[in-house]
1. Rounded if a/c is under 1.5, else prolate if a/b beats b/c, else oblate: with a ≥ b ≥ c from the C-alpha gyration tensor eigenvalues square-rooted, which is the range 343-391?
2. By per-residue mean of other Cβ atoms within 10 Å, what is the highest-first order of 175-186, 94-105?
3. Thr356: net charge of surrounding residues, Cβ under 13 Å, Lys/Arg +1, Asp/Glu -1, itself excluded?
4. Below 20 Å, Cα to Cα, which lysines can Lys234 reach? Residues fewer than 8 away in the same chain don't count.
5. Going by average Cβ neighbours within 10 Å, how do the peptides 374-382, 354-362 rank, with the highest at the top?
6. For Thr343 and Gln270, compute 0.36 nm times the residue count separating them, minus their Cα-Cα distance, and round to one decimal in nm.
7. Say the cut-off is 22 Å between C-alpha atoms; which of Lys102/Lys320; Lys146/Lys320; Lys102/Lys296 go over it?
8. Calculate one ³J(HN,Hα) per residue across the range 155-163 by plugging θ = phi - 60° into the Karplus curve 6.51 cos²θ - 1.76 cosθ + 1.60, and present them in order as whole Hz with x for glycine and proline.
Amino acid sequence: MPSVKDRLVHAWNAFRSGDRQNYRNYGDGYYYRPDRIRYHTRNERSIITAIYNRIAIDVSSVSIRHVRTDENDRYLEEIKSGLNNCLSLEANLDQSGRELIKDAVMSMCDEGVVAIVPVDTNVSPINGSYDILSLRVGKVVQWYPKDVGVDLYNDETGQHETIVLPKRTVAIIENPLYAVMNEPNSMLQRLIRKLALLDAIDEENSSKKLDLIIQLPYIIKTEARRQQAEQRRKDIEMQLSSSQYGIAYTDGTERITQLNRPLENNLLAQIEYLTTQVYAQLGMSKEIFEGTADEKVMLNYYSRTIEPILTTITDAMRRKFLTKTARTQHQTVMFFREVFKLTPVDQIAEIADKFTRNEILSSNEVRAIIGFKPSNDPRSDELVNKNMPQATEEIQNGGESVEQEASEADEGLEEPDTSAVDELDSQIEELEKQLEDSDEEIDELEQSANEDEGDEVFSEFDGELNDLLNMLEED
């Protein structure tokens, strides 16, 4: 904590600073924010602005990041770059990354097409690889074959300026719902015209006109009678305007008829029909604006309305803000939506159990989703099923595992005396050798016995043969 002396020496106060007393040219000043987008006059006072604002808020709530992917285009890590800083933290001097996306979507819905321009870069974007330092949203005012004219706010001068930039350095985003929202005869444009007519009728009905018809007691055919009737009308107007309570008098023979009764028309029914059609074509409903839409309605809304806009924005940034070399290095721009934001609390526990049990998310990842701080337990970052016993599980005990303690305990024990075991092994080996020798002797004895038996048989056969020869000679 700084001392009292350091605080007195280095302390600074916005109202007591000496810098305020020195003259400084601050540039042009405005009562309203000059870089703020301005809608068409017909859209500012109708439900159309609410539709644009709802879509822009929902799109900007989805995180868009500059990331790196693997060979299968799967997310690996977030890249710390100037582009990622613009998308996540500070897009320019006046806007954060989220406000930049909201500004881009609002302008895109109103104009049909919008340009996201890299205002500050470390080197010229035309020369090749570069790092983006700031981004701004501009209005496309002129189209050329390879360039585009953009009405862009200059934060150095505080003025909107029209500049011409190459198309390959500007992310041009066209509304994917252009046919529904921005075509001259689309449902949304027809609804805008009907709402303008309804506003005009309301203004006429709320004006100070009385719409009276005065029936005079004489026939107005001659010029003198018309002048007399005109004078009578002016007298009644003078009485009403000069009276404190708006009271006038007439003759007993005069009759006054008021015409400002509401006229029957089907304008309101047409507006209700067009509003329903616009909601259906945009994938929206009344419950989305009221905040009572269920999960299926919101999923349909995100799939049909929000996801196409996000894909268009990320594709344009990937094409224009990342060079070919960066894309070959698996760099890309991706968006990440919190899928559990609309999930009820009673379902989160079941989902968390299934995701951790099937080793899809770790415990700390689940804690981050529900807004809890990560746990310091190393097992909380592991993709393991904690409901099943682990074969090689290490139990932490004071920073040292049980396996390590067991190995240290084994090292401290004395080695047992194995001389008796070695002596038995040698005796067994001698017995095995003796058995082998006895087997060889048995084989030799069998072989010799077989040879002696053959000689005896041959001698007996020879004696019998000699006897038969002797008998034949005597005969």
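1. Oblate, because a/c is 1.5 or more while a/b does not exceed b/c.
2. Packing proxy ranking, top to bottom: 94-105, 175-186.
3. Spelling it out: positives minus negatives among the neighbours equals -1.
4. Lys208, Lys209, Lys221
5. Answer by packing, highest mean first, reads 354-362, 374-382.
6. 22.6 nm
7. Over 22 Å Cα-Cα: Lys102/Lys296.
8. Residue by residue, the range 155-163 yields 6, 7, 9, x, 10, 7, 10, 9, 10 Hz.
Values quoted throughout were computed directly from the atomic coordinates according to the rules given, and no laboratory measurement underlies them. Computed from a predicted structure; not experimentally measured. When we count neighbours, we look across all protein chains shown, and the Cβ atoms used for this are built from the backbone with ideal geometry, even at glycine.
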